[in-house]
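Just so it is clear, none of the values below were taken in a lab; they were calculated from the coordinates. Computed from a predicted model, the values in this text were never measured in an experiment. Positions of Cβ are backbone-derived with ideal geometry, glycine not excepted, and every protein chain shown enters the neighbour counts.
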Amino acid sequence: MVAALGLSALTACSATYRNHGYVPPEEDLQQLVVGVDTRSTVDDVVGPPSVGGVLGDGNYYYVRKKVREYGMFRPEVVERQVLAISFDDTDAIANIERFGLEDGNVVPLSRRVTDSSVVDNGFLRQLLSNIGNINPADAFGG
């Protein structure tokens, strides 16, 4: 009984890994020739990506990440790969670049929220604070 509890405690605390996304294998990328092959060739050889160019430039981005989940702790990205295929004006491959987790930069996000004066005031306080703001001349057309 004690051995079974110990075994279940050990397996409950073991890390699990999840994979998300897709990056084509190197063998498939070797078939592509920069400056010669076109967007349609990339679609045929490695398939179209699930992520297109952010700025509408039409470049292809393949993204894959591996996430480790361990017990009650926050999931942690332990591996990330980004494959970027850029195209020139004639739709030929201009460049093929590969980026890893170590190439990334941390981007701090800031929330731009307008403070509301309504949050700290109750209904009665809001109602009474408007009494001084009423101009009787405006109310009676004067």
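Would you grab the residues whose amide H sits under 5 Å from the one on N59? Only those 5+ places off in sequence or on another chain, please, with H modelled 1.01 Å from N. Counting only residues 5 or more places away or on other chains, the set is G53. Maximal additional length on extending the V67-T90 stretch stands at 4.5 nm, based on 0.36 nm per residue less the C-alpha distance.
The label point for T41 and the one for Q126, both projected 7 Å from the Cα toward the Cβ, are 6.4 nm apart. Put simply, the amide H of D37, placed in the peptide plane, has neighbours under 5 Å in I93, leaving out anything fewer than 5 places away on its chain.
Across the stretch 19-28, computed HN-Hα scalar couplings (Karplus, 6.51 cos²θ - 1.76 cosθ + 1.60, θ = phi - 60°) run 10, 10, x, 8, 10, x, x, 4, 4, 5 Hz from first to last residue, x flagging Gly and Pro.
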